[in-house]
1. Quick check on this structure: which one of LEU123, LEU68, LEU44, LEU37 is aliphatic (A, V, I, L, M) and more than 27 Å from ILE7 (Cβ to Cβ)?
2. Does ARG24 meet the test of being of a type in the set (D, E, K, R), within 24 Å of ARG86 (Cα to Cα), in a helix (DSSP H, G or I) and open to solvent by less than 60 Å² (accessible area, probe 1.4 Å)?
3. Does the range 48-57 include one or more residues that are open to solvent by 40 Å² or more (accessible area, probe 1.4 Å), among the hydrophobic types (A, V, I, L, M, F, W, C), free of Cβ contacts under 8 Å to residues at least 40 places away in the same chain and part of a loop (DSSP other than H, G, I, E, B)?
4. Quick one: would you say ARG90 is assigned to a helix (DSSP H, G or I), surrounded by fewer than 14 Cβ atoms within 10 Å (Cβ to Cβ) and in contact with a helix residue (DSSP H, G or I) (Cβ under 6 Å, 6 or more places away or on another chain)?
5. Got at least one residue in the range 43-59 being under 14 Å from the mean Cα position of the chain (by Cα) and modelled with pLDDT of 90 or more?
6. Could you grab me the full set of residues in the range 58-87 that are assigned to a loop (DSSP other than H, G, I, E, B) and surrounded by 14 or more Cβ atoms within 10 Å (Cβ to Cβ)?
7. Yes or no: the range 99-122 includes at least one residue that is hydrophobic (A, V, I, L, M, F, W, C), assigned to a strand (DSSP E or B) and over 15 Å from the mean Cα position of the chain (by Cα).
8. Please name all residue pairs, on different chains or six or more residues apart, with Cβ atoms under 6 Å, provided the first residue is in the range 96-125 and is of a type in the set (A, V, I, L, M) and the second residue is modelled with pLDDT of 95 or more and in a helix (DSSP H, G or I).
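The values are calculated or read from the model by the stated rules, or taken from the named source; none is laboratory data. The structure displayed is predicted, hence computed values, not measured ones. Ideal geometry is used to build each Cβ from the backbone, glycine not excepted, and the neighbour counts take in all protein chains shown. Calculation scope for accessible area: heavy atoms of the full protein, side chains included, ligands and nucleic acids excluded. Shrake-Rupley method; radii C 1.70, N 1.55, O 1.52, S 1.80 Å.
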Amino acid sequence: MWVPIQINENSAEPLYHQIETQLRTLIVSEQISENTLLPSIRELAASLNCSVITIRRVYQDLEGEGLLRTRQGTGTFVATVDQVERNEYRRAVVQEAMEAAVNVGLSVQYGKEDMTSLFLEVLKQKYEPEA
């Protein structure tokens, strides 16, 4: 199975974190459905041109979160995640992104009212695009 993960080699974010974040997002958003067999550690490492150790760490972290499960001799699968857990993951991901945006605003001394106005403007653009 091909996994649509994009690596930004110019990013300050560690490679394993880029891969883990994107794979988590694909699972939580159900772009990769439960019980889907993922590529082996070696296959994914080769396709992303990275270390087997990096992919092993990603798979272990996501398995620890309950998003993946490994069957000895069979492979790594997307775990069944109930809707409550899925919603918690979604909320956490969105909250983390929003906190990062607010931190950027704070770092450039962008005011609270300006941030609120900009946020509402972006929401409108994304959720109500002009026809």
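1. Values: LEU68 fails: more than 27 Å from ILE7 (Cβ to Cβ); LEU44 fails: more than 27 Å from ILE7 (Cβ to Cβ); LEU37 fails: more than 27 Å from ILE7 (Cβ to Cβ).
The unique qualifying residue is LEU123.
2. It is true that ARG24 is of a type in the set (D, E, K, R), within 24 Å of ARG86 (Cα to Cα), in a helix (DSSP H, G or I) and open to solvent by less than 60 Å² (accessible area, probe 1.4 Å).
3. Applying the first criterion (open to solvent by 40 Å² or more (accessible area, probe 1.4 Å)) to the range 48-57 yields 49, 51-53, 56-57.
This time we only want the ones that are among the hydrophobic types (A, V, I, L, M, F, W, C), so: 52-53.
Checking the rest, the ones that are also free of Cβ contacts under 8 Å to residues at least 40 places away in the same chain come to 52-53.
Applying the additional criterion that residues be part of a loop (DSSP other than H, G, I, E, B) yields none.
No: the range 48-57 contains no residue that is open to solvent by 40 Å² or more (accessible area, probe 1.4 Å), among the hydrophobic types (A, V, I, L, M, F, W, C), free of Cβ contacts under 8 Å to residues at least 40 places away in the same chain and part of a loop (DSSP other than H, G, I, E, B).
4. On the way: assigned to a helix (DSSP H, G or I): yes; surrounded by fewer than 14 Cβ atoms within 10 Å (Cβ to Cβ): yes; in contact with a helix residue (DSSP H, G or I) (Cβ under 6 Å, 6 or more places away or on another chain): yes.
Criteria met by ARG90.
5. Quick first cut of the range 43-59, residues under 14 Å from the mean Cα position of the chain (by Cα) only: 58-59.
Add one more test, that the residue is modelled with pLDDT of 90 or more, and what stays is 58-59.
Within the range 43-59 (the criterion being under 14 Å from the mean Cα position of the chain (by Cα) and modelled with pLDDT of 90 or more), the answer is yes, since at least one residue qualifies.
6. Our first condition is that a residue be assigned to a loop (DSSP other than H, G, I, E, B); within the range 58-87, this holds for 65-67, 72-74, 79-82.
GLU65, LEU67, ALA79, VAL81 - these are the residues of the range 58-87 that are assigned to a loop (DSSP other than H, G, I, E, B) and surrounded by 14 or more Cβ atoms within 10 Å (Cβ to Cβ).
7. Quick first cut of the range 99-122, residues hydrophobic (A, V, I, L, M, F, W, C) only: 100-102, 104, 106, 108, 115, 118-120, 122.
If we keep only those that are assigned to a strand (DSSP E or B) too, we end up with none.
No, the range 99-122 has no match at all.
8. Close Cβ pairs (under 6 Å, with a partner that is modelled with pLDDT of 95 or more and in a helix (DSSP H, G or I)) amount to MET115/GLY105.
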